[in-house]
Amino acid sequence: MTDALSAILTVGPERMEAPSAGNFERIPKWLNLIPMVAQWLWLGAHHGSMTLPSSVNPQITTGGMVGDGKLEYFNSMGAVARAATADFIAVTTDGDPARFWPHMQAAKLAFPVVAKPDLGWCGYGVRLLASWQEFEDYFRTYPANETFLLQRYIPDEGEAGIFYVCEPGEAKGRLIGLLLRQFPKVTGDGVSSIRELIAADIRLRRLTDNALHECRFDPDYIPLQDESVRLALIGSTRVGGAYFDGTRFITPRLIERVNEIAKNMSAFHVGRFDVRFKTVEALGSGDFTIMEVNGAGSEAVHAWDPKYTIREVYRIVFAKQRLLFAIGAACRKAGHRPCGSAELIRNFLRQQGLMRRYPRSN
């Protein structure tokens with residue numbers, strides 16, 4: 001299969017592919033969060049609310065900061081937005097899994113399909129299911145009386161996160177960033193096995209060191225010279241995926257198309273559309289399929305591009321935080337109250353607890 005992202009990243013004067021982890025990613029997570037938390041506390045004190053960003057999407061749990069389900073966004077969509085979204089059904093883990101077969105048929109879902117938690121984060125619990133037996137196994141190992149989605153599998157190699165903001169009352173929003181994801185992969189040299197190629201890559205080592213992810217490749221396989229082998233369904237950095245800043249690929253037509261979709265959702269002011277696309281030209285023309293939507297908690301992860309220095313990463317992240325509080329203040333002024341700290345903490349703890357109980361991603 002052609003690696004669409006590799007082709008995209010060769011556009012323009014620079015070439016970016018198969019990077020090692022950038023300087024920012026090498027910093028321990030707890031350490032790189034300190035400056036972000038410090039500015040958040042300052043902004044919270046300045047605006048009189050530490051949870052002010054929870055007001056930006058008033059019909060979503062905590063505005064999408066934490067504890068928000070994928071179905072909340074899908075259920076807020078009108079016909080235009082839903083038509084741009086990959087077909088799905090919701091599955092609740094009680095009773096007999098066979099009762100969902102008619103729902104799959106009605107939605108025209110056929111294996112393989114993607115199973116993903118309604119309440120998820122960073123690809124935890126996301127699996128490609130190839131058969132009914134795999135669906136039943138996923139159903140029975142998923143936390144009881146919780147909800148997950150079965151969604152049409154989109155094989156397109158291009159995956160992007162489109163960051164959207166719109167202040168209350170504005171006729172049109174704008175795009176403040178475009179994230180391009182590269183799935184974990186190795187490129188063969190005709191000599192080394194997949195195991196050896198992974199061991200030699202500081203980023204890909206995360207894949208085999210992750211207890212909540214199942215590797216489904218043959219580690220002893222030796223790829224041919226220049227043969228590309230994709231190693232996971234998901235593209236999260238926790239399993240060795242890479243993020244690039246694709247903001248330069250934003251076009252007027254892409255902005256127009258995202259506005260058509262966002263304005264067809266209920267009071268959606270800040271968030272990220274995660275989409276699949278065939279080519280960068282198709283993306284720029286607004287031809288993409290939405291996989292999911294995230295709200296106020298969607299990080300400015302296009303700043304994780306290895307080309308950026310640590311100072312540049314913080315500049316991008318700090319700007320996103322300031323914008324989030326500014327729009328939160330405008331939403332509060334329009335009558336949308338932020339949630340309380342106790343509610344935020346309660347949702348955070350529930351989400352974290354569930355993630356550790358999900359079936360392994362693949």
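The values are calculated or read from the model by the stated rules, or taken from the named source; none is laboratory data. Nothing here was measured: the structure is a model prediction, and the numbers come from that model. All Cβ positions, glycine included, derive from the backbone under ideal geometry; neighbour counts span all protein chains shown. With ligands, DNA and RNA removed, areas are computed over all heavy atoms of the protein, side chains included. Shrake-Rupley method; radii C 1.70, N 1.55, O 1.52, S 1.80 Å.
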## Note on the structure
In Å, the C-alpha Rg and Dmax of the stretch 54-121 are 14.0, 40
### Eligible lysines near K263 by straight Cα distance, threshold 22 Å, same-chain separation 8 or greater
K70, K172, K320, K333
### Query
Under a 1.4 Å probe, what is the accessible area of the chain per residue, stated in Å²?
44 Å²
## Note on the structure
Highest GNM mean-square fluctuation among I34, I222, I316, for the chain with Cα springs under 10 Å, belongs to I34
### Query
Where does the charge balance sit around I261 when Lys and Arg score +1, Asp and Glu -1, over other residues with C-beta under 15 Å from its C-beta?
+3
### Task
Give me Rg over Rh for the chain, both radii from the alpha carbons and Rh done the Kirkwood way, two decimal places.
0.95
### Query
If you bin every alpha carbon distance in the stretch 216-362 into 5 Å steps from zero, what whole percent lands in each bin?
2, 6, 10, 15, 18, 17, 15, 9, 4, 2, 1, 1, 0
#### Entry: Percent accessible area from carbon and sulfur atoms, the stretch 277-360, protein chains only, probe 1.4 Å
53 percent
#### Entry: Hydrodynamic radius (Kirkwood) for the stretch 293-362, which is based on Cα pairs only, to one decimal in Å
15.0 Å
### Task
Enumerate the helices in the chain for which the Kyte-Doolittle hydropathy averages -1.0 or more and the C-alpha atoms extend at least 24 Å along the helix's axis, using complete DSSP H runs.
29-47, 310-333
### Query
the stretch 169-202 to the stretch 80-112: how many Å between their Cα centroids?
29 Å
### Task
Only Cα pairs under 8 Å and at least 6 apart count here; give the relative contact order of the chain as a rounded whole percent.
28 percent
